[in-house]
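A quick write-up on the structure given underneath.
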Amino acid sequence: MEWYLYPAVVAAGFACGFINTLAGSGSLITLPLLIFLGLPATVANGTNRVAILLQNIVAVSSFKHQKVLDLKNGLTLAIPAIIGSILGAQIAVNLNEDIMRKTIGFLMVVMLFLILLRPKRWLEGRPEDMNKRFWLKMIIFFAVGMYGGFIQAGVGFFLIASLVLGAGFDLVRANAVKNLIILCFTIFALAIFVFNDQVRWEIGLILAIGNMSGAAIAARLAVKKGAMFVRYVLIAVVIVAAIALLDIHKIVAGLF
């Protein structure tokens, strides 16, 4: 890789780490960049996990230090997500990018409506739901983990939605637990990619410098600014991600 590309990789990693920690889908920035650098899609997918792993170590440490991380519930929900991620990572060896892009984009639109229609639920959470519907939550987080093992991009959104609507967390605490769950299943998903020789460590570690920096700043902002700030960031990122994934800009341009 040429020397002048290093700052671009770090900058992309910073944006990815910042967006992932507050919302999700930051990998929509880094995956295209890694492919642009010449990595096959499957190798880009695996290499990106190196930065994601280190990013979430930083984010989880920050949330724990700021005392907003529910470690017990987070680890419980991480177990089915880990199992799902192992299966998803095995499937990802033969990635169909176009189908995945359209599917994620559609789910982003659905999530946007959920965020806009039920603002109080996202801001305040429902603590009474945390100990209910245990097996349903296991199934939901297994499915989200399988998706996360398959392709990282967008998994943060689905984890946040599951944590808020299914487990009763408010947005700030949901973000903290989201990062913990992603950290746990990324360890196993990355191992699958390493086993299949689909990781380029030198690029992944350079990318991780940016991811870790972005995560450190975003975790502090999430706690300092509160759930309303996180909600606004989430809405903005969901809209941008949906437009990018569904190629809405191309559809609109074709009408004029």
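What follows draws every value from the coordinates through simple rules; no lab data is involved. Worth saying up front: this structure is predicted, and the values here are computed from it rather than measured. Don't worry about glycine lacking a Cβ; one is built from the backbone with ideal geometry, like all the others, and counts go over all protein chains shown.
Of note:
- Residue that is nearest to the chain's Cα centre (by Cα) [pool: residues in region 35-91 that are surrounded by 24 or more Cβ atoms within 10 Å (Cβ to Cβ) and among the β-branched types (Val, Ile, Thr)]: ILE52
- Among the residues of region 198-228, those identified as more than 28 Å from LEU39 (Cα to Cα), surrounded by fewer than 24 Cβ atoms within 10 Å (Cβ to Cβ) and under 19 Å from the mean Cα position of the chain (by Cα) are ILE217, ARG220, LEU221, VAL223, ALA227.
- Of everything in region 149-193 that is in contact with a Pro (Cβ under 9 Å, 6 or more places away or on another chain) and free of Cβ contacts under 8 Å to residues at least 60 places away in the same chain, the residue that is farthest from ALA23 (Cα to Cα) is GLY168.
- Scanning region 53-84 for residues that are small (Gly, Ala, Ser) and touching a Gly at 6+ places or on another chain (Cβ under 9 Å) gives ALA59, ALA78, ALA81, GLY84.
- Hits in region 199-222 - residues which are under 14 Å from ILE52 (Cβ atoms) and in a loop (DSSP other than H, G, I, E, B): VAL199
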